[in-house]
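Notes follow once the structure below has been shown.
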Amino acid sequence: MKRLIIILFALLPLLAGAESKLQRQGNRTNIVIDGRPMLILGGELSNSAVTAVDDVALVMAKMHAIGLNTVLVPAYWDLTEPVEGKFDFSLTDRVIEEARKNQLKVVFLWFGAWKNSMSCYAPLWFKEDVKRFPRAITAKGKPLEIASAFSENVFQADNRAFCKWLRHVADIDKAVGTVIMVQIENEIGMLEDARDHSPEADKAFNAWNKSGKDDIYNDEKFMAEYYARYVERMAKSARAIYDMPLFVNAAMNSRGRKPGEYPSAGPLAHLMDVWHKAAPSIDMLAPDIYDTGFAGWTAQYATKDNPLFIPESRCCINSGVRALYTFGEHRAVGFSAFAIDQESETVTTHLTRSYDMLRELSPILLDTKAKYQTWGMLFDKKDRERIITDGTVSLTCRHYFTLPWDPRANAEGDWQEGGGIVIRIAQNEYLIAGSGVMVEFKTVTEKQQEERKTLGEDGFVAAGTNKVDKTADKQSSTRFQGKRIGIGYVDQVSINDDGTLRYIRRDNGDQDHQGRHARISVDEYKILHVKLYEY
Ligand code: DGJ
């Protein structure tokens, strides 16, 4: 009897199933898996990467080797339901099997009725039957390869396949919990026009448009509400089958484009209220960031009601520092780079090194009791500096190339980005984790009295003028006020599983400019422990 009870207890977690949910913990929202929070260190596969069962093993092994803990993988409607009502889950099965072998979690992306606005992943039997499954139509009457969101038949077909597929995922994975999140559709949005002008859409629009407004921004709002309503119905059916975090992603409305020139009415920052109201079962509206201005896009999506998750970002040599910035500045749920399976090691190595650091930093970043204060740094040739005021301490953070002695600073073209995380672990004690950055520490009063002189690598004034400078005499007659901050030491460290620091080596002398700053060169990835003192 006693043995039976012990066995039953051991089996309990399996019977209950592995659970994945989003939870507010301390000063951040975390994805919590079986009671344990984690940072999603992700990569999204290129669109066709797992369309053949035989390709899956190799791809997943590569994702493990790069150092991801989560892979974002399409679930294709056309290959799941090639014949109406007949389902084939072999790709999904293999993805889950190989992910488990490689200790990876999976975020599935339902490529259903819409993928980048279009309905290219709808099965052929759906595409051909335009009568049953009507298309969105432009104001000029041109039918598009975009299924109409106003057709109940479209919804029923898409939702039926989605539910069948999700039921299968629940059956094979609920006890283990390899699949942790689902994205519904992909980059929803109308193209060519701001809204659908099919007869059904017009009918709905006339009923909706009480104000009688007639402009593309009003059209976009209307369309967003109806896309969101459609998604909400899918989210509700999903929750009844397998309750896990759900999100939608958006293509950005960058480069001065108007609704219809970009995928109009998607979950864009200016439509967040519409989407939140009409699709309350969606946990996160997520930006796909390919354009310049990475920090600006992240800020628009990291709001009180919307935890930040970046399912797609351009995979490049800057991805590593961008990931660090995202977690440091916005306490994000996760970061992922797109088409990571197609990138060379020269590129992916930046993510590997950054994710290694984030894995180490996790016990600190996820410490819900200590609620450490964190900031992000992200610098390029244009945005070179950020000044952080933390109580009485002023941290001047800059791109490494602002130091006057690295010849790469003078090269033509853009700088490789520098960035990372600043973490205050105690009063006058910080961790600087990143690449291509330098940080100076001053008291706020000292910063206010700062005189800027360019110092060479030896710490001496780079070039004298040999002239009598009367203003210099005047300045020196103003007495210095208040206290200064000095660097007690800068150590390279790694982080133990319990969040304590492990000394690697000391960065003194030339490495901290004889006590003037902490720095990490471009291409190096380090965690520095900086202890300050006042005098
Ligand atoms: C964004 C889409 O969501 C992806 O599936 C892919 O098409 C990329 N764009 C390509 O840049």
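The values are calculated or read from the model by the stated rules, or taken from the named source; none is laboratory data. For clarity, every value in this text was computed on a predicted model and none was experimentally measured. Heads up, the Cβs are rebuilt from the backbone with ideal geometry, glycines too, and the neighbour counts pull from every protein chain shown.
Here are a few things to note about the model shown:
- Of the residues examined, Ser313 is one that is under 8 Å from the mean Cα position of the chain (by Cα) and not basic (Lys, Arg).
- Considering residues of segment 300-310 that are surrounded by 14 or more Cβ atoms within 10 Å (Cβ to Cβ) and either free of Cβ contacts under 8 Å to residues at least 24 places away in the same chain or within 13 Å of Met252 (Cβ to Cβ) (or both) only, the residue nearest to the ligand (Cβ to nearest atom): Ile310
- You will find that of Ala149, Ala122, Ala136, the residue that is buried (at least 24 other Cβ atoms within 10 Å of the Cβ), in contact (Cβ under 8 Å) with a residue 40 or more places away in the chain and within 16 Å of the ligand (Cβ to nearest atom) is Ala122 and no other.
- Among (1) surrounded by 14 or more Cβ atoms within 10 Å (Cβ to Cβ); (2) more than 15 Å from Ile432 (Cα to Cα) - the single one Gln492 does not satisfy: (2)
- Selection from segment 39-81 of residues that are assigned to a loop (DSSP other than H, G, I, E, B), within 16 Å of the ligand (Cβ to nearest atom) and under 17 Å from Val179 (Cα atoms): Leu45, Val50
- Of the helices (runs of 4 or more DSSP H) lying entirely inside segment 182-283, those containing at least 3 residues that are closer than 17 Å to Ser117 by Cβ, in contact (Cβ under 8 Å) with a residue 40 or more places away in the chain and not aromatic (Phe, Trp, Tyr) span 216-241.
- Hits in segment 82-121 (condition: in a helix (DSSP H, G or I) and either under 14 Å from Thr51 (Cβ atoms) or hydrophobic (A, V, I, L, M, F, W, C) (or both)): Ser90, Leu91, Thr92, Arg94, Val95, Ile96, Ala99
- Some residue of segment 222-231 being away from the ligand (no atom under 16 Å from the Cβ) and either modelled with pLDDT under 95 or within 19 Å of Val73 (Cβ to Cβ) (or both): no
- Across segment 511-535, the number of residues qualifying as among the hydroxyl-bearing types (Ser, Thr, Tyr) and in contact with a helix residue (DSSP H, G or I) (Cβ under 8 Å, 6 or more places away or on another chain) comes to 2.
- Evaluated against (1) of a type outside the set (Gly, Ala, Ser); (2) touching a residue at least 24 places away in the same chain (Cβ under 8 Å); (3) more than 16 Å from the ligand (Cβ to nearest atom); (4) within 19 Å of Tyr355 (Cα to Cα), Lys21 falls short on exactly one condition, (4).
- Test: residue in segment 411-419 that is farther than 17 Å from Lys526 by Cβ, of a type outside the set (Phe, Trp, Tyr) and crowded, with 18+ Cβ neighbours inside 10 Å: no
- Close pairs from segment 349-372: first under 23 Å from Lys62 (Cβ atoms) and at pLDDT 95 or above, partner among the hydrophobic types (A, V, I, L, M, F, W, C) and in a helix (DSSP H, G or I), Cβ under 6 Å, at least 6 apart: Thr352/Ile66; Ser354/Ala323; Ser354/Leu324
- Members of segment 284-299 that are outside any strand (DSSP E or B) and buried (at least 17 other Cβ atoms within 10 Å of the Cβ): Phe294, Ala295, Trp297, Thr298
- Condition met for Ala175 (under 21 Å from Pro280 (Cβ atoms) and either at pLDDT 95 or above or in a strand (DSSP E or B) (or both)): no
- Residues within segment 27-45 that are charged (D, E, K, R), touching an Asp or Glu at 6+ places or on another chain (Cβ under 8 Å) and surrounded by fewer than 23 Cβ atoms within 10 Å (Cβ to Cβ), tallied: 1
- Checked across segment 137-155, the condition of being at pLDDT 95 or above, more than 23 Å from Ile216 (Cα to Cα), in a strand (DSSP E or B) and out of contact with any Phe, Trp or Tyr (no Cβ under 9 Å at 6 or more places or on another chain) holds for no residue.
- Of everything in segment 171-221 that is among the β-branched types (Val, Ile, Thr) and within 16 Å of the ligand (Cβ to nearest atom), the residue that is farthest from Val106 (Cα to Cα) is Ile188.
- Against the list (1) surrounded by 21 or more Cβ atoms within 10 Å (Cβ to Cβ); (2) under 16 Å from Ser494 (Cα atoms), the condition His399 fails is (2).
- Those residues of segment 82-119 which are away from the ligand (no atom under 16 Å from the Cβ), among the basic types (Lys, Arg) and within 22 Å of Pro245 (Cβ to Cβ), in sequence order: Arg100, Lys105
- Residue in segment 335-342 that is away from the ligand (no atom under 16 Å from the Cβ) and touching a Lys or Arg at 6+ places or on another chain (Cβ under 9 Å) present: no
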